[in-house]
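Only the coordinates and a few stated rules stand behind these numbers; no lab work does. As the structure is a prediction and not an experimental result, all values here were calculated from the model. Cβ placement follows ideal geometry from the backbone for every residue including glycine, while neighbour counts extend to all protein chains displayed.
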């Protein structure tokens, strides 16, 4: 995926990250790295949970198994960056962004509807993470950290695409796209109502 242009447009996000966020993040490096580490950890655990829940879906299991390894590897990379800088992995904090997305998931209904929303939730988290990492790769003053976050940006873009493709593997693509548009609208409201904080990835 070519991310040289407007990442938000490419990913379909309806609301850009507030420009103040990068400046705040630069002032809260220990906190932003800590939150990033836990985001990678939670992504790995969520993929494991999906594999366990939908173990009979061969394509899903085969696609997500390597993502578990990749996300855990990302956790270790961020942890190593903290250690290298003499910083400490703090405590995991409540993720208001993800919790707000989870509230939009269909809890009842048929299995396909629940699977669709779970996959689209992951796609949206990866899309927003990609947009945030792009902003860090362009807005931080440290050239090393710019490259550090560019690698994560490229990875998240691939994951976003994968979750959409998995949804379309099991569910009619037109239904996936219609629900995706609903998710994008909901996510823009979530972003609009969240406090701009530099100690969170989301």
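Here are the numbers for the structure shown:
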| item | result |
| --- | --- |
| Cubic angstrom per residue, convex hull over Cα atoms of segment 90-138 | 87 |
| Distance histogram in 10 Å bins (all Cα pairs of the chain, percent per bin) | 8, 36, 38, 16, 2 |
| Between helix 29-53 and the chain: long-axis angle, C-alpha atoms, 0 to 90°, nearest 10 | 20 |
| Full-stretch length increase - residue 147, residue 192 - with 0.36 nm per residue and alpha-carbon distance subtracted | 13.4 nm |
| Highest to lowest packing among 80-90, 112-122, scored as the average C-beta count within 10 Å | 112-122, 80-90 |
| Two-decimal ratio, segment 101-193, of alpha-carbon radius of gyration to 2.2 N^0.38 Å | 1.22 |
| Pairwise label distance in nanometres, residue 107 with residue 76, each label 7 Å out on the Cα-Cβ vector | 3.8 |
| Relative contact order, percent, the chain [alpha-carbon distance under 8 Å, six or more residues apart] | 33 |
| Cβ-derived FRET efficiency at R0 35 Å, residue 89 paired with residue 114, nearest 0.05 | 0.60 |
| Share of alpha-carbon pairs per 10 Å distance bin for segment 37-151, given as whole % | 12, 37, 34, 14, 3 |
| Rounded tilt (10° steps) of 111-139 against the dominant C-alpha axis of the chain | 20 |
| Segment residue 165-residue 58, length gained on full extension (0.36 nm per residue, minus Cα span) | 37.1 nm |
